Amino acid sequence: DTPRLKCTTSVSINTAPDSCSAALRYQVPSFGTCATGFLPLPTLSLLALDSIQDVGTYGISFNGFGQSCDISVTISDNTPPTLTCPPSIPLSPAPGSCTLATPDISGLVSSSDACGIDPSLTLLSGVGATLSLGTFTVSLTLFDIHGNSASCQTDLVVTVGGSFICDSDGDGINDIVEGTDDPDGDLIPNFLDTDSDGDGINDVIEGTNDPDGDLIPNYLDLDS
């Protein structure tokens, strides 16, 4: 029975969901035969078996009986953060303005992660750089320091207070009334489109009356 070396050179360990560390577990290399038994190889490493270590990769070297074995133990965090968005977030432009820059809302949500959130990696999708009046459903994605991500949705509700009226395109129709739809498909939202229905007649001329009683205001009605 020829002596042989038992050596597992690569070990992967996942942390528990509520932890950023794990016990360093591996099979100690051994040398011998089935008949005489296997003896563990000694090591000078300070990384004791079952010692608690943070996420990372650890190398342990064993030498003895004319044999050597290098083990690489990788402790990984594969648990995404916990993230909860409020149902809606109220926002208001500066006094006298009808728009505002899309804000960083990461501080307005509830989030946690055993290893920590990466504040430099935050993605907000569903809106551009500027918000007008109205309600915008957005998705917020946060990442932890090891690249795991979680997402949630919320509504950004942009309103103006008092008697101030926003009329961004100057057509005499409140932005809130016109909204962000684009019925004529010209890629210009109603609140910025002076001819919302694309019939060649300015919204200022057509107005919001409904003379044919079809519940469609003139500025959106192609058969008014």
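Does the range 61-104 classify as rounded, prolate or oblate by the C-alpha gyration tensor (a ≥ b ≥ c root eigenvalues; a/c under 1.5 gives rounded; else a/b over b/c gives prolate, otherwise oblate)?
Numbers: a/c = 13.01, a/b = 4.53, b/c = 2.88.
The shape class here is prolate.
Listed as lacking a disulfide-compatible partner in the chain: C34, by the criterion of no other cysteine Cβ under 4.7 Å.
Applying a 10 Å radius around every beta-carbon, put 126-134, 88-96 in order of their mean neighbour count, most first.
126-134, 88-96
May I ask you to derive the relative contact order of the range 103-154, considering only C-alpha pairs under 8 Å and at least 6 residues apart, and to give it as an integer percent?
Over the range 103-154, the number comes to 34 percent.
Spin-label model, Q27 to S149: label points 7 Å out along the Cα-to-beta-carbon direction sit 3.8 nm apart. How much length, in nm to one decimal, is gained on full extension between S112 and D182, taken as 0.36 nm per residue of separation minus their Cα-Cα distance? Stretched out fully, the S112 to D182 stretch lengthens by 21.3 nm.
Using a simple spin-label model with pseudo-atoms 7 Å out from Cα toward Cβ, L100 and D18 lie 3.8 nm apart. Karplus-based coupling profile of the range 140-145, in residue order and whole Hz: 10, 10, 10, 10, 8, 5, with θ = phi - 60° in 6.51 cos²θ - 1.76 cosθ + 1.60 and x standing for Gly or Pro. Just the ratio, please: alpha-carbon radius of gyration of the chain over 2.2 N^0.38 Å, N its number of residues. That ratio works out to 1.86. Per-atom-type breakdown for the chain gives carbon and sulfur 54% of the accessible area (1.4 Å probe, protein chains only). Among the trypsin sites (Lys or Arg not before Pro) found in the range 1-57, those both in a DSSP coil and sparsely packed, with 15 or fewer other Cβ atoms within 10 Å of their Cβ, are R25.
The values are calculated or read from the model by the stated rules, or taken from the named source; none is laboratory data. These numbers come from a predicted model, not from an experiment. No Cβ is skipped: glycine too gets one built from the backbone with ideal geometry, and neighbour counts run over all protein chains shown. The accessibility values were calculated without ligands, DNA or RNA, using every heavy atom of the protein model including side chains. Shrake-Rupley method; radii C 1.70, N 1.55, O 1.52, S 1.80 Å.
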